[in-house]
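Read-outs throughout are calculated quantities, based only on the coordinates presented, and are distinct from any laboratory measurement. Every value quoted in this text rests on a predicted model; they were computed, and no experiment measured them. Here the Cβ positions follow ideal geometry from the backbone for every residue, glycine too, while neighbour counts run over all protein chains shown.
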Amino acid sequence: MTDTVHTSSTKQAPILSEPEARAVRKGVPDPGITMPYVSLPTLALWVGSLALWIFATWLVLGAGVTAWVTVPLHAIVTFTMFTVLHETTHHAAGRKTWVNEALGRLSVPFVAVYGAFPLIRYIHIEHHRNTNEEVTRDPDAWTSHGPALQLPFRWATIDLWYMVFYLRKAIDWRALGHWAGTGFRQRDGQIVRRPHREVAESFALLFGSLAVFGWLIAAGFGWYLLVIYLIPQRIGLTVLAWWFDWLPHHGLPETAAENRYKATRVRVGMEWLLTPVMLYQNYHLVHHLHPAIPFYRYISAWKNNEQAYLEQDVPIASAWGRELTTSEYRAWRRLTDSLRADDGATNASTFYQLTVSEVRRLTPDAVSISFDVPDDLRDAFRFRPGQHLTLELTVNGARHRRTYSICTSATSDLLRIAVKRIPDGVVSNYLNDELRAGMTLDVMPPSGRFTLDHKTGKRTHYVGVAAGSGITPVISMLATTLSLDEDARFTLLYGNRSAETTMFSDELSMLARQFEGRLRIVHFRSAESPSADGSSYERFEDGRITADAVAELGNADVTAWYLCGPQALIDDVRAQLTTSGVPADRVHLELFHADAPAPAGEMHSVAASITAKVDGKTYSNVSSGEETVLETMLQAGANAPYACMGGACGTCRAKLITGHVEMDMNYALTDDELDAGYVLTCQSRPTTHQVDVDYDA
């Protein structure tokens, strides 16, 4: 017996086009989500939606409540029931087919009673197969392929277009016309292209529902049909077309066949509101990548594979529609959701060798220094605006440690500091005169608590007051915040001796123009009369930063103040803000140079045994009373964190567990931190014979 190979005279098209095949071969990450036997949240959503529909209908029929109240309730039912229907079209309501088939058919009447469940499933799968193709291939392209003024009409008629789309796909109208032209005697080819049971169910429901609508109108129930079903359904479908189709897909040039990662976007920001209101469809990209996982697990899937998605440069938009780059998203996530567990006061004391990529002259006495960050260290060196880097280097045979604020936007993927020359400053002079691109420096990951605590979703106005190199953390704050939040405003009062000594002057002017009035800069020049006339976004004043300028803003609606500069300026501004009635918790500060502390002899220090916990290890040493806690621990070989040694940066913060100390000065710790027992160990001398501190607390 021989095998017979049957061939067809007509050449069959491939199941997938080559672009589609490439997309399938490319694959997507495992979402790490297990499908439940029955999706209880989806079932609960159906039950809750049914209960709301019954209640709203009773309000109309039994309580006589106005339609202004009931129509929105019925519209909500259309939206929530569609979510259940949507889940079942992807077999995401449970493992068993009968669960999805039953729940899908029970949901359809509340969404579009005239649409059969198999019809809706077919149309929706066509959208997934052909996302962002022309409207004849992707049915949901109807919501975005048209003039802007026409879009609301298209959203409101999405179901009508679905019917047209289905009829075009299900019926071969040319064959039907030929058959009719022969008196229904000769039929060449298949007139019905879709499964006959699907077509029969679709037409039965369509004509059956139209007949019921006609009967209700003829029986005098037209008003109830209008307010209970037709108007709420039209509102619900319009919102669905807007949220499910237009928001995640509009303006994206890539199709699913070309690149499934770029055919749909996620929408981040205001997730406390958007996630429950949109029933997780703000993460619609996750649904297109993993259509079979339940809607309430989209965020879990995103978090499980976030880095893999970001490596594909997926489309991301803010809550208000601003497109974000991958770098901007990472910065936004740090700012708004605080995914990093620390509060900015890291005790990490490990140094890494980073290569200097650029040394650029800013002023005659200041340079900016940029670093190349290897891929395996990018997570460690991501920063919050306002944080600083600690450098350790050898100059003239001696080891020195200094801290410098990061002075670039957290959205830029650039790690940069600026160093201003200090008279007789060993390190600042070396960095200004000797450092070159290609050299390496020992750098500690970003740290510091002088960071802008910004929350998106509300209008904010920040004021920065800076003098000289105090601009470095503030320029990072304003550039990042204004880039990520279109509702944020920033006012900068910036003092310098002259235009020549003004760090980042060109960059600040560019930022002021870029942010179209949301950034106001007032330059104060103490050693020259400004020659620039200024503009609506940048103004120049003679002299130093004045109390009047601070008082003018102190009475305004300012979310928070950020002060950075010499101690005299900080003290004067704080005093003026207190006079103006600004609450202390709205004023944040960082000193670059503090006045010298009182001599140790005027303190009440005593000889003491000091124990400290650093990075999980315990160190002990004896202090004569003249050494600070930090100095004592460094002598013991502990790798205790520190930077400025002047009580300004807060890097050496530790919690006092046993005993008492006196601090020479404190410009870094808040009252709440002091009440909680934290001290600056670089400023603390023991006043009891036993002192225990914990740097890890």
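Residues 332, 58, 242, arranged from fewest to most other Cβ atoms within 10 angstrom of their Cβ, appear as 58, 242, 332. Using the Cβ of residue 156 as centre and a radius below 13 Å, the other residues enclosed give a net charge of 0, where K and R count +1 and D and E count -1. Here, region 600-694 yields an orientationally averaged convex hull projection of 5.3 nm² when only Cα atoms define the hull.
The angle between the Cα long axis of helix 326-336 and the main principal axis of the chain comes to about 70°, on a 0 to 90 degree scale.
Take 109-116, 363-370 and order them by the average number of nearby Cβ atoms within 10 Å per residue, most first; the result is 109-116, 363-370. Using alpha carbons only, how many degrees (0 to 90, rounded to 10) separate the axis of helix 67-89 from the longest principal axis of the chain? In the chain, helix 67-89 runs at an angle near 90 degrees to the longest axis. The phi torsions of region 219-233, fed into the Karplus equation with coefficients 6.51, -1.76 and 1.60 and a -60° offset, translate into couplings of 7, x, 9, x, 4, 5, 4, 5, 7, 8, 10, 5, 5, x, 5 Hz, rounded to whole numbers, with Gly and Pro shown as x. Over 25 Å apart: what share of the alpha carbon pairs of region 460-591 falls there, rounded to a whole percent? For region 460-591, the fraction of Cα-Cα distances above 25 Å is 17 percent.
Count Lys and Arg as plus one, Asp and Glu as minus one, and take only other residues whose Cβ is under 14 Å from that of residue 404; the net charge is then +2. Note on residue 671/residue 636: beta-carbon distance plugged into 1/(1 + (r/R0)^6) with R0 of 30 Å gives a FRET efficiency of 0.45. The C-alpha atoms of the chain define a longest principal axis, and helix 40-61 lies at about 70 degrees to it. To check you understand DSSP bridge types, tell me what percent of the beta bridges within the chain (both residues inside) are antiparallel, rounded to 5. Of all bridge pairs located within the chain, approximately 55 percent are antiparallel. Other residues with beta-carbon under 11 Å from the beta-carbon of residue 542 carry, at +1 per Lys or Arg and -1 per Asp or Glu, a net charge of 0. Cross-linked pairs 420/617; 262/458; 262/455; 420/613: Cα-Cα separations exceed 32 Å for 420/617; 420/613. Here's how it looks for residue 352: its modeled amide H is under 5 Å from those of 443, 444, which are all 5 or more places away or on a different chain. Anisotropy class assigned to region 352-447 is prolate, per the alpha carbon gyration tensor with a/c at or over the 1.5 cut-off and a/b larger than b/c.
Note that region 28-261, at 25 °C in a medium of 0.890 mPa s, gets a Stokes-Einstein diffusion coefficient of 126 µm²/s from its Kirkwood radius over C-alpha pairs. Each distinct pair of alpha carbons in region 194-330 adds a 1/r term; the inverse of their mean, the Kirkwood radius, is 17.7 Å.
Loop-only check: which trypsin sites (Lys or Arg not before Pro) in region 291-334 are DSSP coil with at most 15 other Cβ within 10 angstrom? Those that pass, being in a loop and sparsely packed, are 322. Over the chain, dividing the summed -39,500 (n - 2.57) contributions of all DSSP H runs of at least 4 residues by the number of residues returns a 222 nm mean residue ellipticity of -11000 deg cm²/dmol. Using θ = phi - 60° in the Karplus curve 6.51 cos²θ - 1.76 cosθ + 1.60, the 3J(HN,Hα) couplings for region 435-443 round to 5, 9, 4, x, 7, 10, 9, 7, 10 Hz; x is entered for Gly and Pro. In this structure, the amide hydrogen of residue 588, modeled 1.01 Å from its nitrogen in the peptide plane, lies closer than 5 angstrom to those of 561, 562, 563, counting only residues at least 5 positions away or on a different chain.
Measuring nothing but how far apart in sequence close Cα pairs (under 8 Å, 6+ apart) lie, relative to its length, region 388-473 scores a relative contact order of 34 percent.
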